[in-house]
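J.: One structure coming up, written as structure tokens, with questions to follow.
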Amino acid sequence: MTDAPRPSPNRWKRFSDWDERPLRLDRFAVEDAASGFSAFASPYDPKPSGAVAGGTVTMMDGKPAADFDMIDLFIARYHLDPEVMPEAMAIPSIELARMLVDMSVPRDRLVRLAHGLTPAKLADVVAHLSALEIAFAYGKMRARKTPGNQGHVTNAKDDPLQMAADAATAVAFGFDEIETTMRVARNSWSNAVACAVGAAVGRWGTLFQCSSEEAEELRIGMAGFTSYAETVSVYGTEKSFIDGDDTPWSKAFLAAAYASRGIKMRCTSGAGSELLMGFHEKKSLLYLEARCLCLQRAMGVQGTQNGGIDGAPVTCTVPGGMRELMAENLIAVWLDLECASGNDARPTESEIRVGAKIMPYLISGSDLICSGFGSILKYDNSFNPSLLNGEELEDYLVLQRDFEADGGLTPVEETRVLELRKRAVEALSAVLEELDLAKPTAAMKASVVAASGSDETESYLPRDVALISEAIQAKGITVVDVIRALARRGYRDEAENLLKVVRLRVSGDYLQTSAVVRNGHVLSAVNDPNDYLGPGTGYRVSEARRAELVAIRDVLTREEVLRAEGVHKAAEAKRISYKTLGPAGSGKDTREVVVGVSPAFGIKLFQTVAGHPLSAILRALTDGIAAGGCRARVVRMRHTADTSFLGLSAARLAGSGVGIGIQAKGTAVIHHKDRLPHNNLELFSNSPITRLEHYRRMGENAAAYANGKLPEPVVVPTRGEAMGARYHARVSLIYAIETELTAEGAEPDDIEITFLGGT
């Protein structure tokens, strides 16, 4: 037999522990500007500069007009304002940075100056800001006052029934926009119909996008199924554009095509895309993204999806990468673009890093905090996992409550979710049948309604979906056909909801910057402008909205605690009786140990937080005391409910000078009459994990102390559980019940207990 191998003496074992944590799955890159791995500044970045002659930009960031590439040319022609440029470029970068965080400098003034700033200047300015300052400036500079959010709705099977149910669920949670894509490209039309129907269940106004190949996506939009688009990609280097067979002009034409049909549109960019494509030109991530954002403003689009899209995982490998993603979002809103602020691709396996990344956006707000919160489970997210997914959605709801910050979502009761999912599945099934596309079975529908993810459904597989999708195209089905089908089958509310969204395309109201639809009205930077100028201005959570944010599930109330104790009281009446004998005096028996119980012990409270009946606790303690050769006397304290003072008061009454103090929640101490209140002999502070055997051993140890011995202290083992998070709300309510029964100067009472043998 050989001994087990020991850890290497040349390594601290904590590093082995760290090796097992999710963070070790992340990989980090050394800062290397020549290879494109620099977040804020590269020696290859141009220095900010500019010149204007005859109303034309003749030089930009160190490059004369004759040497402009197509990106420079487009920015110079359509972004830079020759009248503003000389004034704006003359302001030192540090001064502009301070203006961004100066609450007395209005947003409009800074937006005007941004129209005269080159990409290098924009990047240089925001690089002066710390992460905290970036978050503050972002909250000040974003276009729309009221925050919003966007969700992903996809599944691994491209199952239209699940798509409709999950779309309805996302709408119920409050997403202003939902976006879908597919595992199999030809399933796009089926996905579009499913999400359009699902998003019309429960309320109207949630905008919808089907992310597909650009030409296909435009066709789906022309058929009326989608109401916005954001996958028009823009890059910061000319070679990246050429590799994608595009130019700024072709992208601008596509943007115009969407707008001409009343489809809201923004571009997608974000640090790391050029690095992933191999055409980074040794420039910093921030400078390249500044070029992208200037291009987007020049194209005349409503906004941008940036700051944590597909390139986020590589950006977050670079020192300062997460700060860079924040900085590029700041440039976007400074340029007066609607900002769907990324938090899309999941850039880390560390839940701590995930939480840290979302926090600046949650507390500062954003037009759309996530440009793709995975409202579905990670494995069902066909975009790949988002920063936050269905697994973490409830955590996010609690974060909103914790910080009283509006993250765009609202808790929904479980019964309501099931109602909406069932309605969505039935509505889509009716459409599929009415348009002779498919006939879902009852078993298929039932499996989807309750399913958390596609692993649990018995519905359509991708190859089945392809037939439905191709039939939609072949028949030339449009959103009008779907609306009519809903109405004919009795789903008039859904038909009307979908029709209202289509009508918006005619009015064009939601083509305004930062437009979403809330309570039947378009909310945008025009009628809801961000007016932040310091405390008391800008967006503030109203009392009505606060009531929605705090209404998470599993919130404990005093009434619930008392109801539960009422049930325990009835059970305890069969196990134990308490008889008050009168005022308790000092004992004379040197083998006496007093057990001092709290005021509500066995009167209003009957069970510890660990679930032990108080009768069982008293039996364990008194049996332990007896086993140690001593006699127990039970005394009810009425002047205090504090554990330490319960124990000390009990010790001062005991003939042995040793006492046990115990609260109804289970916290207990062994005390001696000559010790200071909080300098006890032994303490059971973790009552939720204290077992009956521990209480018995506490009784035995108290007897040992009374006999002048020094026993081995009883230690309740813990593995670092967050006891406070699990129990402190209940403990606080319980303790309030205890303290209500205290009276200053009240004398303790001797209590006679009788165990009745009931269960």
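J.: For segment 682-696, give me the residue count where each residue is in contact (Cβ under 8 Å) with a residue 60 or more places away in the chain and over 11 Å from Ile617 (Cβ atoms).
T.: Qualifying residue count, segment 682-696: 3.
J.: Right, another one. Here are some conditions: (1) more than 30 Å from Asp406 (Cβ to Cβ); (2) in contact (Cβ under 8 Å) with a residue 12 or more places away in the chain; (3) of a type outside the set (A, V, I, L, M). Gly453 meets all but one. Which one does it not meet?
T.: Among (1) more than 30 Å from Asp406 (Cβ to Cβ); (2) in contact (Cβ under 8 Å) with a residue 12 or more places away in the chain; (3) of a type outside the set (A, V, I, L, M), the lone unmet condition for Gly453 is (1).
J.: Next up: Within segment 328-352, work out how many residues are assigned to a loop (DSSP other than H, G, I, E, B) and of a type in the set (Val, Ile, Thr).
T.: Here is the first cut: in segment 328-352, the residues assigned to a loop (DSSP other than H, G, I, E, B) are 335-337, 341-344, 346-350.
From the residues that got through so far, the ones that are of a type in the set (Val, Ile, Thr) too are 348.
Here the count works out to 1.
J.: Examine segment 224-246 for a residue that is touching a residue at least 40 places away in the same chain (Cβ under 8 Å), of a type in the set (Asp, Glu), assigned to a helix (DSSP H, G or I) and farther than 23 Å from Asp344 by Cβ, and state whether such a residue exists.
T.: Yes.
Condition check ((1) part of a helix (DSSP H, G or I); (2) out of contact with any Gly (no Cβ under 6 Å at 6 or more places or on another chain); (3) on the phi > 0 side of the Ramachandran plot) across all residues:
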| site | (1), (2), (3) |
| --- | --- |
| Ser459 | no, yes, no |
| Gly476 | no, yes, yes |
| Val482 | yes, yes, no |
| Leu499 | yes, yes, no |
| Arg503 | yes, yes, no |
| Val506 | yes, yes, no |
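J.: Using beta carbons and a limit of 6 Å, which pairs, at least six apart or on different chains, have the first residue in segment 556-577 and surrounded by 15 or more Cβ atoms within 10 Å (Cβ to Cβ) and the second one of a type in the set (Gly, Ala, Ser) and assigned to a loop (DSSP other than H, G, I, E, B)?
T.: So the pair list comes out as Arg575/Gly758.
J.: Check Val431 against each of (1) in contact with a strand residue (DSSP E or B) (Cβ under 9 Å, 6 or more places away or on another chain); (2) at pLDDT 95 or above and name the one condition it does not meet.
T.: With respect to (1) in contact with a strand residue (DSSP E or B) (Cβ under 9 Å, 6 or more places away or on another chain); (2) at pLDDT 95 or above, Val431 is out only on (1).
J.: Can Ala551 be described as at pLDDT 95 or above, aliphatic (A, V, I, L, M) and under 30 Å from Pro106 (Cβ atoms)?
T.: no
J.: With respect to Ala167, determine if the residue is crowded, with 24+ Cβ neighbours inside 10 Å, over 20 Å from the mean Cα position of the chain (by Cα) and either assigned to a loop (DSSP other than H, G, I, E, B) or on the phi < 0 side of the Ramachandran plot (or both).
T.: Details: crowded, with 24+ Cβ neighbours inside 10 Å: yes; over 20 Å from the mean Cα position of the chain (by Cα): no; either assigned to a loop (DSSP other than H, G, I, E, B) or on the phi < 0 side of the Ramachandran plot (or both): yes.
Against the criterion (crowded, with 24+ Cβ neighbours inside 10 Å, over 20 Å from the mean Cα position of the chain (by Cα) and either assigned to a loop (DSSP other than H, G, I, E, B) or on the phi < 0 side of the Ramachandran plot (or both)), Ala167 does not qualify.
J.: What pairs come up if the first residue lies in segment 278-289 and is closer than 15 Å to Lys121 by Cβ, the second is in a loop (DSSP other than H, G, I, E, B) and of a type in the set (D, E, K, R), and their beta carbons are under 8 Å apart, counting only those six or more places apart or on different chains?
T.: Note: pairs meeting the criteria are Lys283/Asp45; Ser284/Asp45; Tyr287/Asp45; Leu288/Glu281.
J.: So, one more: All but one of (1) within 32 Å of the chain's Cα centre (by Cα); (2) under 28 Å from Leu533 (Cβ atoms); (3) without any contact (Cβ under 8 Å) to a residue 24 or more places away in the chain hold for Val30, so report the exception by its number.
T.: Exception for Val30: condition (2).
J.: Which residue pairs have Cβ atoms closer than 8 Å, lie 6 or more positions apart in sequence or on different chains, and pair a first residue in segment 526-538 that is of a type in the set (Lys, Arg) with a second residue that is surrounded by 13 or more Cβ atoms within 10 Å (Cβ to Cβ)?
T.: none
J.: In contact with a Gly (Cβ under 7 Å, 6 or more places away or on another chain), assigned to a loop (DSSP other than H, G, I, E, B) and at pLDDT below 90 - does that describe any residue in segment 265-277? First the steps, then the outcome.
T.: So in segment 265-277, the residues in contact with a Gly (Cβ under 7 Å, 6 or more places away or on another chain) come out as 266, 270-276.
Retained after the next criterion (residues that are assigned to a loop (DSSP other than H, G, I, E, B)): 270-272.
Next, only the ones that are at pLDDT below 90 stay: none.
No; the residues of segment 265-277 include none that is in contact with a Gly (Cβ under 7 Å, 6 or more places away or on another chain), assigned to a loop (DSSP other than H, G, I, E, B) and at pLDDT below 90.
J.: Give, as residue ranges, the strands (runs of 3 or more DSSP E) completely inside segment 639-709 that count at least 2 residues that are in the same structural domain as Ile617 (by TED's automatic domain parsing) and of a type in the set (Val, Ile, Thr). It would help to see each step written out before you state the result.
T.: On the way: elements: 658-662, 668-672, 682-684.
By residue number, 658-662, 668-672.
The values are calculated or read from the model by the stated rules, or taken from the named source; none is laboratory data. In this text the structure is predicted, and so the values were computed from the model without any measurement. Glycine also receives a Cβ, built like all others from the backbone with ideal geometry; neighbour counts cover every protein chain displayed.
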